[in-house]
Amino acid sequence: MKILVSNDDGFRSEGIRELREALLTLAEVTVVAPDRNRSGASNSLTLDVPLRVFEAEPGIYYVPGTPTDCVHLAISGLFDYQHDMVVSGINDGPNLGDDVLYSGTVAAAIEGRFLGLPTIAISLSTAPNSGRHFQAAAEVARLLVAQLLRKPLEKALILNVNVPDLPYKDIRGFRTTRLGFRHPSESMVRAKDPHGRPVYWVGPAGPQHEAGPGTDFHAVGEGYISVTPLQIDFDPAFRFAARADLVGRY
């Protein structure tokens, strides 16, 4: 059994180190991750320049590219062996609700699914001054992977897992959830560079909006592990447009 591990926080991150150590108890693990933090990269691929791959130490590789680049290269010919599963994380911060649209951690899992492998994205819901219990999240990942080795996922599904930032003994259990929603992001932040020229920062993510019972926000807030099955399928939207006679108007 060979597991590919990636993330969007970079190959040096605490989360990916703890994840690798936990999964080594179950299988051979290869890490292919960005050379630096690429949070918010979503599903982007680098197409305008060639990519390079560097080996930091045996079994750990880094790429000056996006999380999707890393998984794509690793599965599509970088190695002379095939992987059986992709586990992405452990993300330093939650990927709840609308976050999945921007998350490089979730995107790495999506790329693995596009290329035919079962995948999990796992995030620790850290916040300022929270405990940073990456070992607890790593144990959650190990349990889920062990379960999936016995009973694989349906081919269309990706598991988006968010773990409350608590000691493992204080986590209340697992809940299957749906995505909640956030309010729109806050306004951009204006600043100036050292030469007095204007620069702009993208504003912080908006606060929770739809976060009631059954959502990933609610489960994590109550101290449970949120497990949200994702399915990347645009066909239903197309069928809706066709029924509404929208497609034929253009």
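For the chain, the share of accessible area belonging to carbon and sulfur comes to 54 percent (1.4 Å probe, ligands and nucleic acids excluded). Taking +1 at the Cβ of each Lys and Arg and -1 at the Cβ of each Asp and Glu, which of His83, Tyr61, Ile232 sits farthest along the dipole of the chain towards its positive end, judged by Cα position relative to the Cα centre? In the chain, that residue is Ile232. Helix screen, the chain: DSSP H segments with Cα axial length of 20 Å or more and mean Kyte-Doolittle hydropathy at least 0.5 are 134-150. DSSP beta bridges confined to segment 52-210 are antiparallel in about 45 percent of cases. Accessible surface area normalised per residue over the chain is 54 Å², counting heavy atoms of protein chains with a 1.4 Å rolling probe.
Rounded, prolate or oblate: which one fits segment 23-104, using the alpha carbon gyration tensor with axes a ≥ b ≥ c (rounded when a/c is under 1.5, else prolate when a/b beats b/c, else oblate)? It is oblate, given that a/c is not under 1.5 and a/b is not larger than b/c.
Solvent exposure of Asp92, expressed as accessible area, is near 70 Å², computed with a probe of 1.4 Å over the protein chains only.
What does the charge count around Leu45 come to, taking other residues whose C-beta lies under 9 Å from its C-beta (Lys +1, Arg +1, Asp -1, Glu -1)? Mind showing how you got there, number by number?
Working: positive: none; negative: Asp69, Glu111.
Net charge around Leu45: -2.
With runs of 4+ DSSP H residues as the only contributors, calculate the mean residue ellipticity of the chain at 222 nm using -39,500 (n - 2.57) per run, divided by the residue total and rounded to the nearest 500. Present the calculation step by step, with values, prior to reporting the outcome.
Working: 6 runs with 60 residues, N = 250.
For the chain, the value works out to -7000 deg cm²/dmol.
Specify the longest stretch of the chain that does not include any exposed loop site, a site being one of the GluC sites (Glu not before Pro) with a non-H, G, I, E, B DSSP assignment and at most 14 other Cβ atoms within 10 Å. Between the exposed loop sites, the longest stretch runs 1-153. Its residues counted as N, the chain yields a C-alpha radius of gyration over 2.2 N^0.38 Å of 1.05. Annotation note: chymotrypsin sites (Phe, Trp or Tyr not before Pro) in segment 63-117 located in DSSP loop regions with a Cβ neighbour count of at most 16 within 10 Å are Phe79, Tyr81. Taking R0 as 41 Å, what FRET efficiency do you get between Val49 and Arg172 from their Cβ-Cβ distance, rounded to the nearest 0.05? Approximately 0.30, to the nearest 0.05.
With a cut-off of at most 13 other beta carbons within 10 Å, and DSSP calling the residue loop, which trypsin sites (Lys or Arg not before Pro) in segment 113-204 qualify? Please list them. Don't skip to the answer; put the middle values down first.
Numbers: sites: Arg113, Arg132, Arg142, Arg150, Lys155, Lys169, Arg172, Arg175, Arg178, Arg182, Arg190, Lys192; in loops: Arg132, Lys155, Arg172.
Qualifying residues, ordered by number: Lys155, Arg172.
The values are calculated or read from the model by the stated rules, or taken from the named source; none is laboratory data. Note that the structure is a prediction, hence the values are computed from the model and not measured. When we count neighbours, we look across all protein chains shown, and the Cβ atoms used for this are built from the backbone with ideal geometry, even at glycine. Areas reflect the complete protein model, heavy atoms only, side chains present, ligands, DNA and RNA absent. Shrake-Rupley method; radii C 1.70, N 1.55, O 1.52, S 1.80 Å.
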